[in-house]
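Shown below is the structure under consideration.
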Amino acid sequence: MAEIGKNIAKAAKFLTDGELVAIPTETVYGLAGNALDENAVLKIFKTKERPEFDPLIIHLAEKSQLMDYVQDVPEELAALASRFWPGPLTLLLPKKDLIPDLVTSGLDTVGVRVPRHPLTRKLLQSLTFPLAAPSANPFGYISPTRASHVQDQLGDKIRYILDGGDCEVGLESTIVGMEQGQVIVYRLGGISVADIEETVGKVLILPQSSSNPKSPGMLKSHYAPKKPVYLGDLDELMENFGRKGTVFAVLSFTRTFAEVPDSLQLALSKEGNYDEAARNLFSSMRLLDDSEAAVILAQELPEIHLGKAINDRLRRAAAK
Ligand code: TXA
Ligand code: MG
């Protein structure tokens, strides 16, 4: 089992020695290693059982370090960085040679972000290298939003989990890049498309494709619980599965159901608050995945605020 604690110096020592440490960010927990050390980066892929064609993003302490690692920053993306960093935004930018090709899976762009969780910011400030960190879950499973989630799934493979409590945003960062002068959102995430568009105007949301993923976070089936997830009208789904005698769990946006046991239902936000719903999404999926239900029934949210990104994760969880 991994040690769980708040000791930044200890985490820094492991990382400096080329070991991996799970770190809290405002989005989800990351599985971090020295981004400039190929062996540490290789350990990340091995520990997550992640295919090496799926690139990692790097985390910096400060915006001002950006030019140490990338060649240039288009105006539009610079505007996004200055508005949303530190925060749940990842920018795809042309990388400098010091970033190992393993980090970017051979691509000439690197994903960069400045996280805002205070513990991880202090940790990054104490290091002489950036941290490569994917979400700290086995490849394809739901991302962790608290230390115990990491312990449950990767605890026997890593030494230390830096405990920063529950993740404040709860969805991964929004990934943004540019091609031929057009701003593109590659992954919906913790910053809404509306907020991005307020800064850079109309963006293109890259339609998901499972045959030729530009970004494997775009793979159709991802963020998936072990149990089958069915997405649709909850009343209809409950009626259908009830008739068949299937034990189901219900994940709703705001509603609760008198006829369903409390242990088999969760509302993401009873008040209909999208930020709260995002914060609760992954831990709710985990709880229902661990329940005695055979299937999870869920509904889509209205496509506003973080509803778009939440629906994206729900659809991928339901795609098998
Ligand atoms: O919020 C987050 O972004 C979290 C925390 C830990 O920072 N990290 C995270 O990493 O979600 P990961 O590896 O689980 O997801 C990063 C996604 C992957 O789908 C990867 O394919 C994509 O970013 N990606 C990374 N670098 C890329 C690049 N150069 N071009 C295209 N996609 C890239
Ligand atoms: Mg991930």
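Bear in mind that the values in this text are calculations on the coordinates, not laboratory data. This structure is a prediction, so every number in the text was calculated from the model and none was measured. All Cβ positions, even for glycine, are placed from backbone atoms using ideal geometry, and neighbour counts span all protein chains on display.
Over 30 Å between Cα atoms, which of 63/308; 6/63; 95/122; 48/96; 13/227 qualify? Mind showing how you got there, number by number?
Values: 63/308 27 Å; 6/63 24 Å; 95/122 25 Å; 48/96 26 Å; 13/227 38 Å.
Correct reply: 13/227.
Right, another one. Using amide H atoms built in the peptide plane, which far-off residues or other-chain residues are under 5 Å from residue 230 H to H?
296, 297, 298
Then there's this: Output ³J(HN,Hα) for region 240-253: one whole-Hz value per residue in order, computed from phi by the Karplus curve 6.51 cos²θ - 1.76 cosθ + 1.60 with θ = phi - 60°, and x for Gly and Pro.
After applying 6.51 cos²θ - 1.76 cosθ + 1.60, I find 4, 6, x, 4, 7, x, 7, 6, 10, 10, 10, 10, 10, 6 Hz.
How would 112, 21 line up from fewest to most surrounding beta-carbon atoms within 10 angstrom?
Values: 112 27, 21 24.
Least crowded to most crowded, the residues run 21, 112.
Viscosity 1.567 mPa s, temperature 4 °C: Stokes-Einstein D of the chain from its Kirkwood Cα radius, in µm² per second? Spell out each step's value before the answer.
Details: Rh = 19.9 Å.
For the chosen part, D equals 65 µm²/s.
Counting other C-beta atoms within 10 Å, which of 315, 113, 83, 187 has the fewest, and how do the rest follow?
On the way: 315 18, 113 26, 83 15, 187 22.
Fewest to most other Cβ atoms nearby, the residues stand as 83, 315, 187, 113.
Contact order normalised by length for region 1-144, with contacts defined as Cα pairs under 8 Å and 6 or more residues apart; what percent is it?
On the way: 268 pairs, mean separation 50.4, N = 144.
Result for region 1-144 is 35 percent.
Something else: Please arrange 172, 19, 197 by how many other C-beta atoms lie within 10 Å of their C-beta, fewest to most. Can you show the working numbers first?
Numbers: 172 26, 19 17, 197 13.
Sorted ascending by nearby Cβ count, the order is 197, 19, 172.
What net charge is computed for the residues neighbouring residue 39, neighbours being all others with C-beta under 15 Å from the C-beta of residue 39, Lys and Arg scored +1, Asp and Glu -1?
Local charge sum for residue 39: -4.
Expressed as a whole number of Å, what is the distance separating the alpha-carbon centroids of region 218-278 and region 120-199?
25
In addition: Which chymotrypsin sites (Phe, Trp or Tyr not before Pro) in region 1-72 pass both tests, a DSSP loop state and at most 12 other beta-carbon atoms within 10 Å?
On the way: sites: 14, 29, 45, 53, 69; in loops: 29, 53.
Taking region 1-72 and a limit of 12 other Cβ atoms within 10 Å, the loop chymotrypsin sites (Phe, Trp or Tyr not before Pro) found are 53.
Under 5 Å between amide H atoms, partner at least 5 residues away or on a different chain: which partners does residue 110 have, H built in plane at 1.01 Å?
93, 95
Apply the Karplus curve 6.51 cos²θ - 1.76 cosθ + 1.60, θ = phi - 60°, to the phi angles in region 46-61 and return the couplings in whole Hz, x for Gly and Pro.
Going residue by residue, I get 5, 5, 7, 6, 9, x, 6, 7, 9, x, 9, 9, 10, 10, 10, 6 Hz, with x marking Gly and Pro.
Collect residues whose amide H, placed 1.01 Å from N in the peptide plane, falls under 5 Å from the amide H of residue 224; neighbours closer than 5 in sequence don't count.
141, 142
Please compute the contact order of the chain in relative form: average sequence separation of alpha-carbon pairs under 8 Å and at least six residues apart, divided by the residue count, as a percent.
Values: 710 pairs, mean separation 63.0, N = 320.
That works out to 20 percent.
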